[in-house]
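All remarks here apply to the structure that follows.
Coordinate-derived values only; no laboratory data. Note that the structure is a prediction, hence the values are computed from the model and not measured. Positions of Cβ are backbone-derived with ideal geometry, glycine not excepted, and every protein chain shown enters the neighbour counts.
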Amino acid sequence: MTNDEYYAACRPIHAELRAIAERTYVMARALCAEPSNPEFVATMNRQAALLRRLGELDDQMPNRK
């Protein structure tokens, strides 16, 4: 994987992570960022999946191991 391919793959993930941060901020302000809220749980699961994907992308870069 080239640097350009790596950055192209990471950009949309980072954009989605920013959106997740904004959603969790709103949930926290509304006092509903907790495990009984299905939207919060789904958001946290999506965040975890995106972070795993970033780790996978990092592992594909020879100079990042």
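Using only Cα atoms and rounding to the nearest 10 degrees, what angle (0 to 90) does helix 3-29 make with the longest principal axis of the chain?
10 degrees
Assuming a viscosity of 0.890 mPa s and a temperature of 25 °C, what translational diffusion coefficient in µm² per second does Stokes-Einstein assign to the chain, Rh being the Kirkwood radius over Cα pairs?
188 µm²/s
Along the Cα-to-Cβ line of Thr24, 7 Å from the Cα, sits a label point; which residues in segment 32-64 have backbone N less than 17 Å from it?
32-55
Which of Leu17, Leu54, Leu31 moves most in a GNM of the chain, Cα contacts under 10 Å?
Ranking Leu17, Leu54, Leu31 by mean-square fluctuation puts Leu31 first.
Calculate the spin-label point distance for Ser36 paired with Ala15, positioning each point 7 Å from the Cα along the beta-carbon direction, and give it in nanometres.
Taking the simple label geometry, Ala15 and Ser36 are separated by 3.7 nm.
In debye to the nearest 20, how big a dipole does the chain give about its Cα centre with +1 on each Lys and Arg Cβ and -1 on each Asp and Glu Cβ?
Taking the Cα centre of the chain as origin, the dipole is about 100 debye.
Report the net charge of residues surrounding Phe40, where surrounding means a beta-carbon distance below 12 angstrom and charges are Lys +1, Arg +1, Asp -1, Glu -1.
Surrounding charge for Phe40 is 0.
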